[in-house]
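The values are calculated or read from the model by the stated rules, or taken from the named source; none is laboratory data. Since the structure is predicted, the reported quantities are computational estimates derived from the model, not experimental observations. Here the Cβ positions follow ideal geometry from the backbone for every residue, glycine too, while neighbour counts run over all protein chains shown. Ligands, DNA and RNA are stripped out before the accessible areas are found, and what is left, the full protein with its side chains, is counted by its heavy atoms. Shrake-Rupley method; radii C 1.70, N 1.55, O 1.52, S 1.80 Å.
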Amino acid sequence: MKGFLAVLLCFSASVLAQDYPARPVRVVVPYAAAGNADIWARILAQKLSESMKQPFVVENKPGANGSIGTDFVAKSAADGYTILAVASGPIVVNPVLYAKVTYDPVKDFAPVAQCVVYQYVLVTRAEAPYKSIQDLMSAAREKPGALSYGSTGVGGGNHLAGELFALAAGASLVHVPYKGSAPALADLLGGQLSFMFDTVITSVPHIRSGRLRAFAVSSAKRATSLPEVPTMQEAGVKGFDISQWQGVSCRPVRRGRSSSA
């Protein structure tokens, strides 16, 4: 773990000269609490706190598919005490999707490590009338605009999965963006959404308890935690393969510059 931090902290000579960390470190998660990004960031923060003998404190700054929290880190002091639990959405997708973002994904961040690659699983409430993907696709075609799905925001991985599904079904679907997967999942369970591409880790407890029905996982290979659930391609949706990565980034500081740059 200390080796991980040594790679993480690409900081100036003044920072490298001191024993890091000398005070608590802020870990910014650009999504809402209780979602996949938040869960793995808290696990990482706990391990770092134990190893480095200083608190690594998770702060959620959700919104705009991760852009709000990412921009916050981009404008923070480059001293190693604010790090980003980064996802592919705000770094890869948003600069392409939006006309303007308030940070530079290349110049404002030093990529450190890819920590997680995860799949989505297509789920509905157990009470929903759909028994298969074909049922869901047929319903979407028969009632254009009647079916809705949630996501972590415009451009999020589960939003793109939903759009790809709409193309495959040849149907019009209603996209409802949230600030994270947890509030979207809550609305799905509450009956406000028709379906969702949720992360496997957050859906598994509800699938096992019988509250959610799982149709397929989004990646080309089955999920180890849901070996009985087919892939989208196995379920008949050809060419469907979507996953998302998450990792850690920090503000880049060149040796010799002030730590407040």
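In segment 49-70, what residues are touching a helix residue (DSSP H, G or I) at 6+ places or on another chain (Cβ under 7 Å), more than 18 Å from residue 89 (Cβ to Cβ) and at pLDDT below 95?
Across segment 49-70, the qualifying residues are 51, 52.
The rows are residues; the columns are (1) closer than 19 Å to residue 62 by Cα; (2) at pLDDT below 95; (3) open to solvent by 10 Å² or more (accessible area, probe 1.4 Å); (4) not aromatic (Phe, Trp, Tyr).
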| residue | (1), (2), (3), (4) |
| --- | --- |
| 143 | no, yes, yes, yes |
| 152 | yes, yes, yes, yes |
| 175 | yes, no, yes, yes |
| 180 | yes, yes, no, yes |
| 183 | yes, yes, yes, yes |
| 190 | no, no, yes, yes |
| 193 | no, no, yes, yes |
| 203 | no, no, no, yes |
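Which pairs have Cβ atoms under 9 Å, sit 6 or more apart or on different chains, and link a residue in segment 146-163 that is at negative phi and among the hydrophobic types (A, V, I, L, M, F, W, C) to one that is in a helix (DSSP H, G or I) and open to solvent by 10 Å² or more (accessible area, probe 1.4 Å)?
Correct list of pairs: 146/139; 147/139; 154/64; 154/97; 160/93.
Quick one: in segment 211-261, of everything that is at pLDDT below 95 and in a strand (DSSP E or B), which residue is farthest from residue 103 (Cα to Cα)?
Restricting to residues being at pLDDT below 95 and in a strand (DSSP E or B), the top hit is 243.
Hey, among the residues in segment 222-233 that are touching a residue at least 40 places away in the same chain (Cβ under 8 Å) and either under 19 Å from residue 66 (Cβ atoms) or out of contact with any Asp or Glu (no Cβ under 9 Å at 6 or more places or on another chain) (or both), which one's surrounded by the fewest Cβ atoms within 10 Å (Cβ to Cβ)?
Taking the candidates together, the pick is 226.
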